[in-house]
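Encoded as structure tokens, the structure appears first; notes follow it.
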Amino acid sequence: MKILKQAVLALPLAAVSMTAHAGVVLEMEYRDLAEKTSTTSQTFVEGKFIKMKTVHAGGAADADMIYRPGGAGRTAEMLMIDHGEKSYAVMDESSMKRVGSMMDEALKSVPPEQRAMVMEMMKQQGQVPGAPQEPKRELRATGRGDTVAGIGCKVWEALENGVKTQEICAAGSSAFPGGAEAMPAFIDLSRFMQKMLASMPSIGAAMDQSLADYEKLNGFPLRVRDYEGGKVTSEVLFKSSKTQTLAPSFFQAPAGYKRQDMFGGN
């Protein structure tokens, strides 16, 4: 699963009702086969709250992503935390609508003779209503099986416009510790992302569409291989899972971090 792009805004934790009890911690490894590099990510799940931390080779975590589900008067949101800048921002439905409004306003200032050219460029990138959407994604069971981290999984192929772009080996959520507890959170995140991508196709084109696969696979991807030109270019591997007590404060921006407007202001 590719690292999601920065965007954020947060609701006060006072609006969140959580108690500290055993959550789930998943460890994954991302391998770039072309660059011959790898990074490790840890995903923490408590109820439907998710926190993803990516650790680079040197052991430094420069950014976190936190998903906070909607409910009790709250809207679902995704916090992107920048440890280098000690700041955070929020991606939610209202922020995506704001992006669309800003694009409309920007177009008004473009001279008529240039507007047609700009609109055509935006259409090519899927940034305007009626523009070409991201390629049609299809999942196909291969009937093959494999083993990842000692866990049996079924192999699926993902095709976009008929071309194989990924191979996914998925196992039932009960096949590893904490899987059954974590799956509802991933499904909730999948639905959130699909809603975000539908409201902002230009971002959708740059996102990993595999987030929408959880419900279709009816399982958890233990291995995802990306294909380009018929060759594997990268892969994500499940390494381990465990249960761990997670405090409510774990799913909020660190104390002292400054909230940034995702559009450039403070």
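Throughout, read-outs are computed from the coordinates displayed, never taken from laboratory work. Worth saying up front: this structure is predicted, and the values here are computed from it rather than measured. A quick note on method: Cβ atoms are made from the backbone with ideal geometry, for glycine too, and the neighbour counts reach across all protein chains shown.
Brief remarks follow.
- Taken along the Cα-to-beta-carbon direction at a fixed 7 Å, the label points for Arg191 and Lys86 span 3.9 nm.
- Residue-span extension gain [Lys258 to Arg144] - 0.36 nm each, minus C-alpha spacing: 36.1 nm
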